[in-house]
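Below: one structure, written as structure tokens.
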Amino acid sequence: MPSPRSRRLLTATALALPVTLAACSGGAPTARSLPSSPQTQAAPPRSPTLSRTPNPSSKGRLTVSFGGDVHFQGALAGRLANDPATAIGPLRSVLSASDLAMVNLETAITTRGTPVSKQFVFRAPPSAFTALKGAGIDVVTAANNHGIDYGQVGLQDSLDAARTAGFPVVGVGRDADAAYRAKVFTVRGTRVAFIGATQVLDDAVRTAWTAGPDKAGLASAKDVSRTVEAVRAARAEADVVVVYLHWGVERTSCPSGTQQGLARQLSEAGADVIVGSHAHVLQGAGYLGRTYVDYGLGNFAFYARPGPQAVTGVLTLTLRGRTVEQSRWTPAVISGGIPRALRSPGRAVAAWQQLRSCTGLSASPTG
């Protein structure tokens, strides 16, 4: 029998949201076509050891947790081969305590294919999805600059592996409609939509990696109109809209103007929560009007030397309706490729809060 938490997630769906856009990426979107009954897809069952019984006092509220970049290179490859279910598990008590949890899966899931010509390429076997489930993670975005590191063969393997595992993945698909389509989970009657997209695509692969009408690939946030329309479409169907973006400047703790501009557009389109990764260091978080934004979650399960790139954690948001009522940062440090919670988190939490100073974000909702 599914656990209490898994029963809440059995209504996870992929919204079929085909859209018609102006030919120019900067043009205004035209009317979209929305189906009356999206196809239902069961979310993966949760292990009873990771479940919890909902607290009756939490009625009307839900919690969503987020971590940053995950791959399975270096020491993580050995952990995955040895015991996939616990490969990235030290923070599973934090992640599985939330109603939903999400990270950025920054690797192709394949044992085949030819690596593209660039400095770093990542891949992992299908057991990576076992590791994600074991860590208490419910959904990932694969829209990033490593999602197609092993070409179209690797991409097809990634899509097949996710389907076989029954694991929800956003930001990638067999065509553009699928790549930009939201995955929607229903938690105690609240519909939560997740969208993934990437602003980080090298010019040499941008065309090849971006999903098209009849081409598998990634959801590109460089196509701002299409990304905005994906948020609007999800807004029409869900109670809460979450966007996870791959963006920013590596090893830079303040958001770029490009990040800030896109955040404003997605907030205006109806996003309630915007989070991101790619910089490999933490960036600040707070409110953009009534939208909660975390510009950079850093690395999560990733090789990292001691220093800023090893500083990580879990962001947990408590929502009532569309409003983020509370944010909580559980700081951690990456050791041996995996995040380990700090015993004395006070100074790390204060440092995380200080990152807001260069973001233009507020400590509380406005407007």
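The values are calculated or read from the model by the stated rules, or taken from the named source; none is laboratory data. Model, not experiment: these values are computed from the prediction. Heads up, the Cβs are rebuilt from the backbone with ideal geometry, glycines too, and the neighbour counts pull from every protein chain shown.
Output the number of residues of the stretch 154-173 satisfying the condition of being in a helix (DSSP H, G or I) and surrounded by fewer than 20 Cβ atoms within 10 Å (Cβ to Cβ). Residues in the stretch 154-173 being in a helix (DSSP H, G or I) and surrounded by fewer than 20 Cβ atoms within 10 Å (Cβ to Cβ): 6 in total. Got at least one residue in the stretch 258-276 being at pLDDT below 95, among the small types (Gly, Ala, Ser) and closer than 25 Å to Leu76 by Cα? No, because not a single residue in the stretch 258-276 is at pLDDT below 95, among the small types (Gly, Ala, Ser) and closer than 25 Å to Leu76 by Cα.
What are the residues in the stretch 183-218 that are surrounded by fewer than 19 Cβ atoms within 10 Å (Cβ to Cβ) and hydroxyl-bearing (Ser, Thr, Tyr), if any? Scanning the stretch 183-218 gives Thr186, Thr207.
Could you please find all residues in the stretch 355-367 being out of contact with any strand residue (DSSP E or B) (no Cβ under 9 Å at 6 or more places or on another chain) and either free of Cβ contacts under 8 Å to residues at least 12 places away in the same chain or of a type in the set (A, V, I, L, M, F, W, C) (or both)? The answer is Cys358, and nothing else.
Sort out which residues of the stretch 132-151 are over 13 Å from Val121 (Cβ atoms) and in a loop (DSSP other than H, G, I, E, B), and write them in order of number.
Of the stretch 132-151, the ones over 13 Å from Val121 (Cβ atoms) are 132-143.
If the condition is that a residue be over 13 Å from Val121 (Cβ atoms) and in a loop (DSSP other than H, G, I, E, B), then Ala135, Gly136, Ile137, Asp138, Ala142, Ala143 are the ones that fit.
Across the stretch 59-105, the qualifying residues are those that are acidic (Asp, Glu) and touching a residue at least 60 places away in the same chain (Cβ under 8 Å), and the one among them that is surrounded by the fewest Cβ atoms within 10 Å (Cβ to Cβ) is Asp99.
Could you please find all residues in the stretch 291-336 being in contact (Cβ under 8 Å) with a residue 40 or more places away in the chain, among the charged types (D, E, K, R) and part of a strand (DSSP E or B)? If the condition is that a residue be in contact (Cβ under 8 Å) with a residue 40 or more places away in the chain, among the charged types (D, E, K, R) and part of a strand (DSSP E or B), then Asp294, Arg320, Glu325 are the ones that fit. Scanning the stretch 237-283 for residues that are of a type in the set (A, V, I, L, M) and in a strand (DSSP E or B) returns Val240, Val241, Val242, Val243, Leu245, Val273, Ile274, Val275, Leu282.
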